[in-house]
Amino acid sequence: MVGDCVEQDNQRTAETEAITGLTFLDFAGGLERCMGDRSFYLELLASFAEDNQLADLQRLYLAKDWQEYRIRVHALKSSSAYIGADRLSAWAKRMELAVGAQDMDYVQRNHGAFMEYFENILKQLAGAGLWEK
């Protein structure tokens, strides 16, 4: 029983170190949004990574389906804010507003870098090994 508690403490310490090493995440803010429930927060991180919207956003961009693109970046804005990926959330908001304002010049200038940043986040989440059991 004591060994189980020590093992759980060690696992939590390793998870915390892995999460805090992800510099794009506001770990404290994300955990707060999950009412301090670490397990739920880890589930959200896993869900965010598994629900990879990268290919869909690229497809919509290339198809110039701006209505659906705007809906998807709006969803990304919300989900990334919830997990504490604040910079990604802010960038998604700017993309959403630009599409809404029909500022396609802004969208075209920023879409590539936005996708690269998002892809980098997904790679870092996958590399953290937080939910590989």
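Values quoted throughout were computed directly from the atomic coordinates according to the rules given, and no laboratory measurement underlies them. Since the structure is predicted, the reported quantities are computational estimates derived from the model, not experimental observations. Neighbour counts are summed over all protein chains in view; Cβ atoms, including those assigned to glycine, are modelled from backbone coordinates with ideal geometry.
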Formal net charge of residues neighbouring Asp65 (Cβ-Cβ distance under 13 Å; K, R +1; D, E -1): +2
Sparsely packed trypsin sites (Lys or Arg not before Pro) within segment 40-81, loop by DSSP, other Cβ within 10 Å at most 15: Lys64
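Out of all Cα-Cα pairs in segment 2-128, roughly what percent, to the nearest whole number, are more than 26 Å apart?
In whole percent, the long-distance tail amounts to 28.
Please compute the net charge surrounding Lys123, taking Lys and Arg as +1 and Asp and Glu as -1 over other residues with Cβ under 14 Å from its Cβ.
Working: positive: none; negative: Glu50, Glu116, Glu119.
Here the charged neighbours net out to -3.
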Residue-span extension gain [Ala113 to Ser78] - 0.36 nm each, minus C-alpha spacing: 10.7 nm
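Could you rank the peptides 116-123, 33-40 by their average count of other C-beta atoms within 10 Å per residue, with the highest value first? Intermediate values should be presented prior to the final figure.
Values: 116-123: 15.0, 33-40: 12.5.
Ranked by mean Cβ neighbours within 10 Å, highest first: 116-123, 33-40.
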So, in nm, how far is label Gln67 from label Phe24 when the simple model puts each one 7 Å beyond its Cα toward the Cβ? 3.0 nm
